[in-house]
Amino acid sequence: MTTQFLPGALFDGFPEPVLLLAGGQVAYENPAAAALFPETRAGDPVPEELERLLAGAVPPAVVSGELGGRSWTVALQDPGEGVLAVLRPLESVSGSGLERLTVQLRRETAGLAAALQRLDPAEGPADGERLRRYLAAANQGLYRLLRLADHLEFLELTDRQLYQPGPLDLAGFCRELGAQVESVCRSAGLGFTYESEVESLLTTGDERLLRRLLLSLISNAMKAAGKGGRLGLRLTRTRGRALLTVWDSGGGLQESALSRLFGGGPKSLDPREGLGLGLDAVRRADPMAVAMDIDAAGLPFLKGLTPPAGSKTVEELRQIIDYAKKPFIIKGVMTVRGALKALEAGASGIVVSNHGGRVQDQCPSTAEVLPAIADAVGGKLTILVDGGLRNGTDIFKALAMGADGVLIGRPFVTMVYGGGAEGPAVLVNKLQAELADTMAMCGAHNLAEIRRDMLFGY
């Protein structure tokens, strides 16, 4: 016996727009959908903007986009006689982190509900491929909901509550987490393994923060492994300490894998997985300034991240800077044009940097480009510079070329390893003495008197 699907009996009173799409036409629309698409009636072609939004989407699925000048989420189901589309207005995601997470939680819940509904025994037996697809959608939705719940819990914490250590069976915790992740990986075509040398390992820690950390690492490992790959979580004891390792079968950055990586890394399992909470965490920390590293954003393999890394327009940078509400520094500027764009976006400062020359072969040194950049934006924003500065004379040269300050990193790491707590102080005193000697030899009585014409060749 075949039961006919009659949407009118179910959705005529719905406040949200509901449409049944079949054969490129609108088979049914409720009154709310008729109000949203006033030019469309049952039997007419699917509205072009709705067709563009749903292009490539296979039920069960949830997509979002613009319709009629407003943002919507569209939950898609397959009742057997077409595609049922339920539209819900999408709240603005420009508010707090909690508001944005609430919106995402609703999206994931809708997608998970759609997938689980198709597994209802009332729907009749499903073939293996359909069942596999619905289970994959449900499991991946469940995984994302798990991460979102952790983020919501994190945002509710006060600074005093942020770290709350307590008794923790690390082995039992990892075993439980591994079981949750394993089903998700299996449905996504990935192999997952949990390994442990011990059945129980009692320690002290914050289970919530550890879960957040491991889920983030596992999510990255899933993307790095790619379809058909493997990943795992391993717990070992080393020299009286517990060691947690998240591994994957991805190629990493070995020489043998460069051709694959730079041709485009493994695609994300779901482009909606990125939560965009970095700036919210920054604002909670209340720093004196915020910096963004852009000098590696063009690397092709970073486009496989979620959300994908890549270049930013001036307008996108401006939105980020406005949201940060702190002095904003952009690192990785190597051209006058880039410096002017940073100024236009509202940056308070820039770092002239080529990432130690590791971003691209034959990239010029920062000393080669610094004078022109300083001439273009000097006095309009703070100019910092890094890359190979090792002594006070190097600092003098950078200041003479137009920098307001310099960044030195690696020598301090060396001094910490070699000199312990006293090492950084020794290096600071050395740099200060060398800079003072150079200034005296060049006739500069203070930093403000350092000029470019004090350099040989300028």
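The values are calculated or read from the model by the stated rules, or taken from the named source; none is laboratory data. Keep in mind that this is a model prediction, so the values were computed, not measured. A quick note on method: Cβ atoms are made from the backbone with ideal geometry, for glycine too, and the neighbour counts reach across all protein chains shown.
Applying the set (1) at pLDDT below 90; (2) more than 30 Å from Ile218 (Cβ to Cβ); (3) surrounded by 14 or more Cβ atoms within 10 Å (Cβ to Cβ); (4) hydroxyl-bearing (Ser, Thr, Tyr) to Thr306 leaves exactly one unmet item: (2). Among the residues of the range 375-390, those identified as within 16 Å of Leu455 (Cβ to Cβ) and either surrounded by 22 or more Cβ atoms within 10 Å (Cβ to Cβ) or among the polar types (S, T, N, Q) (or both) are Val385, Leu389. Residues of the range 194-232 that are assigned to a loop (DSSP other than H, G, I, E, B), among the small types (Gly, Ala, Ser) and buried (at least 16 other Cβ atoms within 10 Å of the Cβ): Gly226, Gly229. Tell me, please, whether a residue that is within 20 Å of Asp293 (Cα to Cα), assigned by TED's automatic domain parsing to the domain that holds Ile329 and without any contact (Cβ under 8 Å) to a residue 24 or more places away in the chain can be found in the range 380-390. Yes, the range 380-390 has at least one match. Of everything in the range 413-445 that is more than 16 Å from Ala400 (Cβ to Cβ) and of a type in the set (Ser, Thr, Tyr), the residue that is surrounded by the most Cβ atoms within 10 Å (Cβ to Cβ) is Thr414.
Every condition in (1) aliphatic (A, V, I, L, M); (2) modelled with pLDDT of 75 or more; (3) touching a Leu at 6+ places or on another chain (Cβ under 7 Å) holds for Ala55 except the one numbered (3). Considering only residues that are in a loop (DSSP other than H, G, I, E, B) and farther than 18 Å from Asn354 by Cβ, look in the range 285-303 and name the one that is modelled with the lowest pLDDT. Among residues in the range 285-303 that are in a loop (DSSP other than H, G, I, E, B) and farther than 18 Å from Asn354 by Cβ, the one modelled with the lowest pLDDT is Asp286. With respect to the conditions (1) modelled with pLDDT under 60; (2) farther than 20 Å from Gly191 by Cβ, Lys326 falls short on a single one, namely (1).
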